[in-house]
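The values are calculated or read from the model by the stated rules, or taken from the named source; none is laboratory data. Given the structure is predicted, the values throughout are model-derived calculations rather than measurements. Using ideal geometry, Cβ is built from the backbone for each residue, glycine included, and neighbour counts are taken over all protein chains shown. Please note that ligands, DNA and RNA were not included when accessible areas were found on the heavy atoms of the full protein model with its side chains. Shrake-Rupley method; radii C 1.70, N 1.55, O 1.52, S 1.80 Å.
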Amino acid sequence: MEIAQKTSLSALMQEIGHEDLNILIDHALLDSALQRQGLIPPELKEMELKALRTLLKKSGPVVFHPCEEASLSSSFDLAFAHLAGQNLHDGLSSWGHLAFNHQFPALAASLALEFPQADVGFALLHLCHWQVGAGHVLMNRAGDVTPEVSAQIRASIEALFKSEGIELYAYLNDTFIAKSKHFKDLPSASLNKVMNDNVLPWLIGVSSKESPNANPNIQSSIHILRRLQSEVQMHLYDHPIGPSLKNSVNSIWFSGTGLAPSPMLQFQSMGVTHEQEVELYKGPSSNIVCLRGLSRHWHNHDLESWLHQFKQLDETVLSLCVDHPNVRLVLCGQQGFKAWQVSEKNWLQKNWQRVQDHIKGAQSTLQVLS
């Protein structure tokens with residue numbers, strides 16, 4: 001995978017042209033528990049997402065793909081693999097490998113020549129905050145991590161990892177790329193699955209939630225990575241970096257392990273900005289626009305900001321897709337993802353849709369996102 005320079009949103013959409021387009025939005029579906037507990041705010045029930053509704057009026061029937069609660073991979077992981085035409089082994093989403101290839105293309109190419117038999121693996125190493133309670137440890141997002149604090153943390157823990165043959169590379173402010181043989185065949189839980197949950201059943205070395213991985217070939221790697229996780233926690237406790245803020249960095253999490261299949265490595269990656277968290281994966285036969293901006297608000301239980309961000313996505317990205325001839329729209333949530341095939345309908349199809357809406361009533365935005 002190669003990465004292009006950051007570009008404007010309109011330029012990104014022009015890059016796609018009239019080729020098939022997949023729109024993948026993480027944390028776009030509401031958790032059913034929120035509705036059962038009556039926690040949906042009134043403004044969300046009345047929310048109008050005009051571009052989304054326009055797209056759905058041109059779509060076929062929705063298809064729901066479930067994501068098992070105990071699986072290590074998130075619905076976003078499953079959906080991306082599905083759109084890329086690949087089968088995903090649970091817990092081996094290979095986001096670390098993809099990130100390395102598009103962030104360091106020259107180094108990735110030389111490694112491919114040096115290790116043709118894939119003797120190395122990759123992972124994402126997330127900076128996070130663990131909230132310790134009675135009998136449990138909750139995973140929280142770390143507070144704002146500045147580039148300076150990120151660089152200081154990486155410099156302070158690099159020696160620990162190098163001693164075990166693991167190299168760390170800068171990536172995002174709160175995420176590094178880790179390279180080592182330990183990550184090649186070792187499943188790991190997606191940060192999405194663990195966020196705001198007890199981390200103990202998800203620790204590196206499980207094959208699913210609360211189920212230890214019995215594969216004898218990875219036991220040594222499991223032991224090393226768990227020890228490193230503990231050593232980093234102690235190091236950050238003894239040597240805190242950055243201002244003492246709520247949810248300051250006090251732990252790490254490994255995810256995105258595994259090696260990407262060859263077809264995925266053919267994708268080119270083009271980003272807009274980290275703030276918007278919009279990225280285009282352009283492949284030989286498909287284009288996948290990944291929208292991750294809703295995730296941080298969902299992780300922080302901030303439905304007001306989530307709603308505001310969704311409206312922005314509707315007015316920017318989705319509005320640019322309304323006139324596209326062939327769109328697949330995928331919305332992800334904790335329980336799975338919904339997929340719609342969107343294409344221009346003929347006269348008969350449009351009138352049939354009007355009849356159906358009149359009989360059943362058009363779905364509200366809240367129903368679409370549930």
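Under 19 Å from a point placed 7 Å out from the Cα of residue 89 along the Cα-to-Cβ direction: which residues of region 227-265 have their backbone N that close? Label zone hits: 254-265. Quick one: which of 282/338; 58/282; 57/209; 184/282; 57/311; 50/246 span more than 28 angstrom between C-alpha atoms? Exceeds cut-off: 57/209; 50/246.
The heavy atoms of residue 207 offer some 50 square angstrom of accessible surface to a 1.4 angstrom probe.
Modelled label positions at residue 136 and residue 220, each set 7 Å beyond Cα in the direction of Cβ, lie 3.7 nm from each other. Computed from the C-beta positions of residue 64 and residue 197 and an R0 of 25 Å, the FRET efficiency is 0.65 to the nearest 0.05. Once all protein chains are placed together, residue 171 keeps about 50 Å² accessible to a 1.4 angstrom probe.
Each of residue 40 and residue 57 was given a label point 7 Å from its Cα along the Cα-to-Cβ line. The distance between the two points is 2.2 nm. Note on surface exposure: 227, 53 rank 227, 53 by accessible area, highest first, 1.4 Å probe.
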